[in-house]
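Working notes for the structure below.
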Amino acid sequence: MSDRAKIVLKSGKDQSIMRFHPWIFSGAIKKSYGNLLEGNVVDVYDNKDNFLGCGHYQIGSIAVRVLSFTPRTINEDFYRERLATAHDVRQILLANMPETDVYRLVHGEGDNLPGLIIDIYGDTAVVQMHSVGMFTDKEHISNALQNVYGESLKHIYCKSNATLPKKALENETKDMFLLGDKEHGVVQEYGIKYHINWLEGQKTGFFVDQRENRRLVGLYAKNRTVANVFGYTGGFSLFAMKHGAKKVHTIDSSAKAIDLTAENVELNFGKEHNHQGIAADAFDFFANATDTYDLIILDPPAFAKHHNVLSNALQGYKRINQRAFENIGKNGILLTFSCSQAVSPMNFRKSVFAAAANAKRKVRILHQLTQPADHPVNIFHPEGEYLKGLVLHVE
Ligand code: SAH
């Protein structure tokens, strides 16, 4: 470890790392020694030469993502330990998730592996690196994954082109198989089947984080006319159909997503069904809707990727929720979400409140939702909490 570069923090800037927060911001650094290379592991010290932690160095606002708060070699053994713990946690969760073989194995800081996401799709792991250091360590990670899962893991796809900083590793391909070569497959979530294409799909191929909320929609679907807006590959729609919805419409601006929804509908229900896919912008859809709905799901993409666009994002949530409140029938149910990390649960709720007030509807909060247990929040890293949802009754 002695050949590692060393970073010394400014006096007083060691408080958050002393409380196990895994990010060191570039502004906290007083000086550095040795060859500070992006992607390498560096040791971090306080002003009085006390060791604080080691982690991946990166150029940018978050300079170090801390991997260990005690001195450690970051090798295959390290990843094997961390992945084995993450796997143990998922075994507890999977015991209560019948007929489910798609889940998140590693949720970055939530699993003490900042910069790393791993989603499991049956016999395939899709690995997504958000830091150069994790990408540099991809062989260790791949070997550790194979060690933890043994023969049951047949394919590992690394999908990091869109998530790594643009300037890093400019000439390297960042999407590649680390094991096997399967490009798509069928998985199931509480007995609902999905075609997933991890090469072409959004994120790692699927929005794994909405599993419990998709299941919840089943409780409210019976005999309702459903609009699943921002539906992607139809997850909420499929649960609503399974639980007796009268009629289901899936709306997404991506025609490809609507085609995939049609495939998933047929996979689960055959050719005779009460589903219709609509490729349209959500705002246009509400402007032109001839039907009213009595169950609406709003699951938009992150409207705010940064804090500096927060007020635009809050306006966006208000506008889309207002459209839903204006459309929804008497005794309606609205499931509304925000996955923007920069939007707090209270700010989201205020936007929905303003939308309800503008639409002049009486609204009760029935459930307050968040991300599922396979997307855990590290208690020392509250920024890891990002998904917010409300289930509302509209009089
Ligand atoms: N509810 C989905 C995940 C939604 S992700 C699920 O359970 O899997 C957000 C989706 O919104 C994406 O599929 C994206 O194509 C779509 N989208 C983005 N902007 C949109 C817009 N303006 N109108 C309609 N759909 C949009």
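Can you tell me the accessible area per residue over the range 307-346, all protein chains present, probe 1.4 angstrom, in square angstrom?
Working: 1740 Å² over 40 residues.
Roughly 43 Å² per residue, with all protein chains present.
Which log10 I(q)/I(0) values does the range 5-68 give at q = 0.13, 0.25, 0.27, 0.28 Å⁻¹ under the Debye formula, counting every alpha carbon as one identical point scatterer?
After summing over all Cα pairs, the log10 values are -0.26, -1.06, -1.27, -1.38.
Could you give the accessible area per residue of the range 76-186, probe 1.4 Å, as a whole number in Å²?
Averaged over the residues of the range 76-186, the accessible area is 43 Å².
Once the whole set of protein chains is in place, how much accessible area is left on Ile29, using a 1.4 Å probe, in Å² to the nearest 10?
In the full protein context, Ile29 sits at about 40 Å².
Counting Lys and Arg as +1 and Asp and Glu as -1, what is the net charge of the other residues whose Cβ lies under 15 Å from the Cβ of Lys30?
Combined, the nearby Lys, Arg, Asp and Glu give +1.
Enter the angle in degrees (range 0 to 90, nearest 10) between the Cα long axis of helix 76-94 and the first principal axis of the Cα atoms of the chain, meaning the one along which they spread out most.
Once rounded, one gets 30 degrees.
For the range 247-323, report the translational diffusion coefficient in µm²/s to the nearest whole number, using Stokes-Einstein at 4 °C, 1.567 mPa s, and a Kirkwood Rh over Cα pairs.
Estimated via Stokes-Einstein, D reaches 91 µm²/s.
Would you mind getting the Kirkwood hydrodynamic radius of the range 184-263 from its Cα pairs, rounded to one decimal in Å?
12.7 Å
So what is Rg over Rh here for the range 76-186, counting just Cα atoms and using Kirkwood for Rh? All intermediate terms of the calculation are to be shown ahead of the outcome.
Numbers: Rg = 13.6 Å, Rh = 14.2 Å.
Using only Cα positions, Rg/Rh for the range 76-186 is 0.95.
Would you mind computing the Rg to Rh ratio of the chain from its alpha-carbon coordinates, Kirkwood style for Rh? All intermediate terms of the calculation are to be shown ahead of the outcome.
Values: Rg = 22.5 Å, Rh = 22.5 Å.
Using only Cα positions, Rg/Rh for the chain is 1.00.
Once you have all Cα-Cα distances for the range 1-151, histogram them in 10 Å bins from zero and send the whole-percent values.
11, 41, 29, 15, 5, 0
With every protein chain kept in place and ligands, DNA and RNA left out, what is the accessible area per residue of the range 5-68? Probe 1.4 Å, answer in Å².
48 Å²
What pairs in Lys6/Lys388; Lys10/Lys350; Lys30/Lys138; Lys48/Lys305; Lys159/Lys247 have C-alpha atoms more than 32 Å from each other?
Over 32 Å apart, Cα to Cα: Lys6/Lys388; Lys10/Lys350; Lys48/Lys305; Lys159/Lys247.
How many percent of the accessible area of the chain is carbon or sulfur, using a 1.4 Å probe?
That fraction is 50 percent.
Can you give me the angle between helix 138-149 and the longest principal axis of the chain, using Cα atoms only, in degrees from 0 to 90, rounded to the nearest 10?
The answer is roughly 70 degrees.
Computed over the Cα atoms, what is the radius of gyration of the range 71-128 divided by 2.2 N^0.38 Å, N being its residue count?
Relative to the rule-of-thumb radius for its length, the range 71-128 sits at 1.17.
Taking the chain as the reference, fit the longest principal axis to its C-alpha atoms, fit the long axis of helix 211-220 to the helix C-alpha atoms, and give the angle between the two in degrees, 0 to 90, nearest 10.
20 degrees
Sort 68-79, 173-184, 349-360, 217-228 by packing, meaning the average of other beta carbons within 10 Å per residue, with the highest value first.
Working: 68-79: 15.6, 173-184: 14.1, 349-360: 17.5, 217-228: 21.6.
Going from most to least packed, we get 217-228, 349-360, 68-79, 173-184.
Counting pairs of Cα atoms in the range 278-395, how many percent are more than 22 Å apart? Please list the in-between numbers first.
Details: 2309 of 6903 pairs.
Value for the range 278-395: 33 percent of Cα pairs lie more than 22 Å apart.
Using a 1.4 angstrom probe on the protein heavy atoms only, could you order Arg214, Arg361, Arg19 from most to least accessible area?
Ranking Arg214, Arg361, Arg19 by accessible area, largest first, yields Arg19, Arg361, Arg214.
The values are calculated or read from the model by the stated rules, or taken from the named source; none is laboratory data. This one's a predicted model, so the numbers in the text were calculated from it and none came from an experiment. Here Cβ is always computed from backbone atoms with ideal geometry, including for glycine, and neighbour counts include all displayed protein chains. Ligands, DNA and RNA are excluded from the accessible area calculation, which covers all protein heavy atoms including side chains. Shrake-Rupley method; radii C 1.70, N 1.55, O 1.52, S 1.80 Å.
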